[in-house]
Amino acid sequence: MTEPFISLDGLWRGLRDRSPKRKLVLFAASFLFLALTLQAQPQEWRRGRVLVQPRAGLSGAQLSSILQGHGGRSAQVLSQIGLHIVELPEAADERAVAQALSRNPQIQFAELDWLVPVEETTANDPMFDDAWHLPRIRALEAWDLSLGQGVTVAILDTGVDPDHP
């Protein structure tokens, strides 16, 4: 059975092979990979706002002044990561504002607030694959139905095994 992906060995052999047919196949595969990669990028963003993280040491008043220059204001701060949700006027071009703020040396980064459908998200916990209990309690299926807003869930453990890795 052939693999659905191109192997590095196959690419290397293809680069060494000078046949026009092989080069065309490699070009097409590369183009397809690029197209799929670009398609995987979120296509929609939250209109009327951008996400901004100022550089360390920038005061709230200084940030407000920078944002006002683009018609924006900090509507909310995610203090754990120093990220500001900046609201913009309805007529603002979010892309242009994010690009302009990104060029400001006082701003760490500014970007659009991309919308990502829930079905395109995955757990970002590096130990997720070791969480054997989540599939067992069907947590993944439950998360497709609800994220538990307004619901408190408690998982009770029967004890601790100090020899468990």
**OP:** Starting from segment 59-84, take each residue that is in contact (Cβ under 8 Å) with a residue 24 or more places away in the chain and list its partners that are assigned to a helix (DSSP H, G or I), counting only C-beta distances under 6 angstrom and pairs at least six apart or across chains.
**Re:** His70/Val97
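Within segment 79-103, track down each residue that is assigned to a loop (DSSP other than H, G, I, E, B) and surrounded by fewer than 17 Cβ atoms within 10 Å (Cβ to Cβ). Steps first, please.
Looking only at segment 79-103, we keep the residues that are assigned to a loop (DSSP other than H, G, I, E, B), and these are 79-82, 88-93, 103.
Once the filter is applied, which keeps residues that are assigned to a loop (DSSP other than H, G, I, E, B) and surrounded by fewer than 17 Cβ atoms within 10 Å (Cβ to Cβ), segment 79-103 yields Ser79, Gln80, Ile81, Gly82, Pro89, Glu90, Ala91, Asp93, Arg103.
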**OP:** Specify which of the listed residues (Leu115, Leu101) is aliphatic (A, V, I, L, M), touching a residue at least 40 places away in the same chain (Cβ under 8 Å), under 21 Å from Ala56 (Cα atoms) and in contact with a strand residue (DSSP E or B) (Cβ under 6 Å, 6 or more places away or on another chain).
**Re:** Leu101
**OP:** Answer yes or no: is there a residue in segment 68-91 that is at pLDDT below 95 and acidic (Asp, Glu).
**Re:** yes
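For segment 57-116: of the residues being small (Gly, Ala, Ser) and touching a helix residue (DSSP H, G or I) at 6+ places or on another chain (Cβ under 7 Å), which is nearest to Gln43 (Cα to Cα)? Full working, then the answer.
So in segment 57-116, the residues small (Gly, Ala, Ser) come out as 57, 59-61, 64-65, 69, 71-72, 74-75, 79, 82, 91-92, 96, 98, 100, 102, 110.
In the following step, the residues that additionally are touching a helix residue (DSSP H, G or I) at 6+ places or on another chain (Cβ under 7 Å) were identified as 72, 74, 110.
Numbers: Gly72: 23, Ser74: 24, Ala110: 17 Å.
Taking the candidates together, the pick is Ala110.
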**OP:** Would you please name the residue that is nearest to the chain's Cα centre (by Cα), looking only at residues in segment 79-104 that are within 10 Å of Gly48 (Cβ to Cβ) and not acidic (Asp, Glu)?
**Re:** Val86
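How many residues are more than 20 Å from the chain's Cα centre (by Cα) and surrounded by 17 or more Cβ atoms within 10 Å (Cβ to Cβ) if we restrict to segment 105-115?
If we filter segment 105-115 for residues that are more than 20 Å from the chain's Cα centre (by Cα), which is where we start, we get 105-106.
Filter once more, keeping what is surrounded by 17 or more Cβ atoms within 10 Å (Cβ to Cβ): none.
Qualifying residue count, segment 105-115: 0.
The values are calculated or read from the model by the stated rules, or taken from the named source; none is laboratory data. Owing to the predicted nature of the structure, the values given are computational and were not obtained by experimental measurement. So basically every Cβ, Gly included, is an ideal-geometry build from the backbone, and we count neighbours across all protein chains shown.
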